[in-house]
Structure formats: structure tokens, C-alpha cells
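The values are calculated or read from the model by the stated rules, or taken from the named source; none is laboratory data. From a predicted model like this one, the values you see are computed outputs, not experimental measurements. So basically every Cβ, Gly included, is an ideal-geometry build from the backbone, and we count neighbours across all protein chains shown. Protein only, heavy atoms only, side chains kept; ligands, DNA and RNA dropped before computing areas. Shrake-Rupley method; radii C 1.70, N 1.55, O 1.52, S 1.80 Å.
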Amino acid sequence: DTGVSQDPRHKITKRGQNVTFRCDPISEHNRLYWYRQTLGQGPEFLTYFQNEAQLEKSRLLSDRFSAERPKGSFSTLEIQRTEQGDSAMYLCASSLSRLAFVKYFGPGTRLTVT
Amino acid sequence: ELKVEQNPLFLSMQEGKNYTIYCNYSTTSDRLYWYRQDPGKSLESLFVLLSNGAVKQEGRLMASLDTKARLSTLHITAAVHDLSATYFCAVEINSGGGADGLTFGKGTHLIIQP
């Protein structure tokens, strides 16, 4: 396994449309994180899964956002009724366990809302 | 609310010179991370610092942590062009709810000129 993968890498959508991103963590990593990064800023934490359980959501995650990790492996992040302010890089990261500390980031999905 | 401040935010330096990037954070932390990000790329883990006085070195980069001062430094020795990138520090707190979301600084955009 070469690392965390994300699909698609780029997405252009019109305002009001729904989009869904996928993240495949490193095999056997039970912790999965979603972050959002806007231009010139550091990533901001969105949500976190341990196995299939979503344990925390940031207040940045409005009710238009939903994330799932149904079988404790890959995860999806859906944005409904996209707005221009949703344009950002969406990063996924995974780690083996809390003791493993290091979180490995995927290449990201760049979303542009027009 | 946890705040993480990096300085400088932008740094242009010549090859062969030494410099230090500073990361201050506002509350007691469990762990401190340094990441590197190249333009259009994802984040690469550099260091994880776990305790007061921790020092880690990899090549021309050395990171240290002073938990009493809530300060971490990333020192660059004899800089080379390949180190040009944006460097982020990130702080992790065990919220008790199981979340291990990182809070990132805004990043230091480093340009190393020949």
C-alpha cells in the first residue's frame, strides 16, 4: 500500500450541486480524518472516524456536510447544495492508532464551486 | 479555543544560511507536529514531538519543543534550494472525547535562493 488515496483529485461544480469525495486510508489504519484547506491557510479539522464510528465533528462541518465510513475502511465526504465558500482542498488523513501519532495525508481533492 | 501561531509567515533566504521558524500555541498540548507542503501537493510529516525538551533532527532540519513556553522551533541549517516549501506546525490535544484533530498554524512559506 503506497499511502492514502483520494478521488477525484479535482472537482469543478456549479453552485447548488451536490458533490461526493472518497478517501481510501492506508490499509489497517483505523483512524481517519477529514480536513479542509483554503489557499494560504493551514488545514482545518472537519471530522474524525475511529473504525466506522464518527467520533467528532468540527463546528466547521455544517449540516450540508456529511461523512461516512460504513465498513471502517474507505470514507466519503458529501457536500450538499455547494456554495462558493466551499471551494477548497479537502484532505484526508489516516493513522494506525492513537499511539501511532503520525497522521498520513492523502493528495487531496481540490473543489472549485463556480 | 486553541490557537497556533507561526512566524514568520514568509521567509526568503539564501542557500547556506541558517534560520529558525517559530511556533507558539495557546494551551497545553499532547503532541506537536511539523509538516512540509510543496505547492499543489499534500502534507508530508517531518517530526512529531511528544514531550518537553524533545529534539528531533533529520538532515538539515531540527525541531524542538518547550512545553512550558508553549513553543516549538524548526531550525534550518545550511539551507539548500530543495528545502523551499511551506512548513506547518500543528498541535494536538486529547479532547477526552476521542478526537485527535490537529490545529494547524498558517504555515511559513520558505523560499531558498541560490
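Values as computed for the structure displayed
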item	result
Qualifying residue in the stretch A:18-34 (condition: surrounded by fewer than 16 Cβ atoms within 10 Å (Cβ to Cβ), more than 11 Å from the chain's Cα centre (by Cα) and under 24 Å from A:VAL113 (Cβ atoms))	yes
Flag if B:LYS106 is among the charged types (D, E, K, R), over 21 Å from B:LYS17 (Cβ atoms), within 11 Å of chain A (Cβ to nearest Cβ) and open to solvent by 50 Å² or more (accessible area, probe 1.4 Å)	yes
Residue tally, condition free of Cβ contacts under 8 Å to residues at least 40 places away in the same chain, assigned to a loop (DSSP other than H, G, I, E, B) and surrounded by 19 or more Cβ atoms within 10 Å (Cβ to Cβ), over the stretch B:1-52	1
Some residue of the stretch B:37-44 being in contact with a helix residue (DSSP H, G or I) (Cβ under 9 Å, 6 or more places away or on another chain) and more than 10 Å from chain A (Cβ to nearest Cβ)	no
